[in-house]
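The values are calculated or read from the model by the stated rules, or taken from the named source; none is laboratory data. It should be emphasised that the depicted structure is a prediction, and the values quoted were computed from it without experimental measurement. Cβ coordinates were reconstructed from backbone atoms using ideal geometry, including for glycine residues, and neighbour counts include every protein chain displayed.
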Amino acid sequence: MKFSQLKIGEHFIWNEEPYIKATPLVAHHSETGASKIVPKYVNIELAETRSKNEKGLSKPDDMLEYLVSELSDAIQISTLSDAAKTFVLSEIENVKIKAVKKIKLKESKYKGSKIKGAKPLM
C-alpha cells in the first residue's frame, strides 16, 4: 500500500518502524513522536493498532482514569514545590469529580482511587 492511500490517523510500519499518519506528507513515530516527511509513493505496511486480546480505553471512565493517572504521575515527579503539587493535584481531583458526574458514572466505581497528595479545597 502507498502512503498516499492511508487516512490521517492510521497506524503503519515504514522501514520496520511504527508511525501514525499526521498530514498528507508527515508521519509521527508512534514511540518517540518524532515527525518525518514521507513521500506519497512510499510503500508502507498497515499496522494493527491493538492486539485482539488488548483492552483499549474505549469507555469514558477508562479514559478519565488513565488521564488522571498520567497527569498525577507527571505532577508528582515535577520540580514544583510541595504546596504547588498539592494545589494542582487537588484541582485535578476536583475536575475528575465533576467529570465523573458529567459522564454519569457511579462514584462507587472510583472508590479508593483518590489522587495521592490531593486535599479537598473549600
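Pull out all pairs, ordered by first then second residue, where Cβ-Cβ is under 9 Å, the residues are six or more apart or on different chains, the first lies in region 2-27 and is in contact (Cβ under 8 Å) with a residue 40 or more places away in the chain and farther than 17 Å from E48 by Cβ, and the second is charged (D, E, K, R) and surrounded by fewer than 16 Cβ atoms within 10 Å (Cβ to Cβ).
Within 9 Å, the pairs are K2/K40; F3/K40.
Residue by residue, here is whether (1) surrounded by 11 or more Cβ atoms within 10 Å (Cβ to Cβ); (2) of a type in the set (V, I, T); (3) in the same structural domain as N94 (by TED's automatic domain parsing); (4) modelled with pLDDT under 85 holds:
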residue	(1), (2), (3), (4)
K21	yes, no, no, no
L25	yes, no, no, no
S30	yes, no, no, no
V42	yes, yes, no, no
K52	no, no, no, yes
